[in-house]
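What follows is a short report on a single structure.
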Amino acid sequence: MEKSKLYKLAFKICPPIALIFSILVTITTLYINEGLSPLFIFISIQVYLNWFAIYTISQGVMTARRQTRDESDSDSVAITIAQEYPANVKYWYCDKCQNYTYKPTQHCVVCNKCFHYRDHHCFFIGGCVIQENMGNFILICFHTSLACLYSLMVIRPYLYENLRDILEQDPSVVNVIINFCFPIAIARLLIFGKTSCLLLITLFDTLFSVWIVCLVYGAWKLFSCYTGRQRYYPHVRRKFDLMQIFGSYGLLNLFFPYNGLISSRDLRGRYLLKDI
């Protein structure tokens with residue numbers, strides 16, 4: 001199988017795996033917690049809503065383009081960005097789309113389309129993160145880190161109780177950390193034949209990793225937007241405020257992702273190239 005086909009296959013498999021894992025974490029957390037937690041339910045709903053918003057924006061966005069280039073056109077064409085100032089944006093021809101479009105534009109081989117102001121394709125979400133849904137991506141990182149932290153706090157005492165026989169021999173912090181590690185659990189299984197909550201330890205370690213990655217990556221993306229270090233503005237630093245990042249509703253998106261579910265005029269009309 002070609003490398004490109006494996007690449008596309010991996011990106012198609014990852015979103016269902018991420019969805020199944022999130023459902024498994026939710027069920028496990030609620031089971032161990034022995035009841036419904038309004039806070040955890042709220043955070044989980046925010047994760048799924050932002051996930052849906054990112055995906056729908058990625059799939060529904062239209063890229064300004066021309067199938068042919070007029071002979072009378074110069075090397076750059078004047079179009080209006082943000083209805084604020086004219087900017088000369090150079091032509092860029094996409095071999096895969098077989099269309100002329102305008103920079104900054106990138107083609108996504110997974111989505112099989114071009115995107116203006118594209119940051120990256122998130123293989124867990126299954127869609128491209130662009131300027132229009134960057135706020136939703138930052139929020140899903142934030143809410144995912146909170147959900148993981150809550151699950152870790154619920155699972156840790158339960159896991160400690162099941163490993164009490166081992167941990168009582170040496171209750172030091174170092175020993176607790178070692179026995180909570182996946183490699184030690186595997187070694188214990190292979191050498192002594194003891195499962196020792198292998199699945200729960202695997203889940204705990206995975207949640208810890210996801211918590212760190214989402215927290216750091218989400219904070220980095222927010223910092224990049226504030227300081228103008230976005231990947232879709234490689235040559236120009238364009239600093240964004242909260243309204244420009246999250247849309248007209250600003251930090252209210254923490255409680256409900258208006259951008260993507262309810263149209264946000266700042267992101268939909270102000271910072272995108274106009275259709276031609």
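The values are calculated or read from the model by the stated rules, or taken from the named source; none is laboratory data. Since we're looking at a predicted model, the values are computed, not measured. Here the Cβ positions follow ideal geometry from the backbone for every residue, glycine too, while neighbour counts run over all protein chains shown.
Number of residues in segment 7-18 that are surrounded by 15 or more Cβ atoms within 10 Å (Cβ to Cβ) and more than 16 Å from the chain's Cα centre (by Cα) equals 0. When residues in segment 19-51 are screened for being buried (at least 17 other Cβ atoms within 10 Å of the Cβ) and closer than 28 Å to Leu261 by Cα, 13 of them pass.
Here Thr101 passes the criteria (1) at pLDDT below 90; (2) in a helix (DSSP H, G or I); (3) of a type in the set (S, T, N, Q) except the one numbered (2). Within segment 31-42, being assigned to a helix (DSSP H, G or I) and either of a type in the set (S, T, N, Q) or over 15 Å from Leu159 (Cα atoms) (or both) holds for Asn33, Pro38, Leu39, Phe40, Ile41, Phe42.
Let's see how each residue does on (1) at pLDDT 55 or above; (2) hydrophobic (A, V, I, L, M, F, W, C); (3) not in a strand (DSSP E or B):
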{"site": "Ser44", "(1), (2), (3)": "yes, no, yes"}
{"site": "Tyr48", "(1), (2), (3)": "yes, no, yes"}
{"site": "Trp51", "(1), (2), (3)": "yes, yes, yes"}
{"site": "Ser58", "(1), (2), (3)": "yes, no, yes"}
{"site": "Thr63", "(1), (2), (3)": "yes, no, yes"}
{"site": "Lys90", "(1), (2), (3)": "yes, no, no"}
{"site": "Ile125", "(1), (2), (3)": "yes, yes, yes"}
{"site": "Asn133", "(1), (2), (3)": "yes, no, yes"}
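What number goes with the only condition from (1) outside any helix (DSSP H, G or I); (2) closer than 20 Å to Ser209 by Cα that Leu24 does not pass? Failing condition for Leu24: (1).
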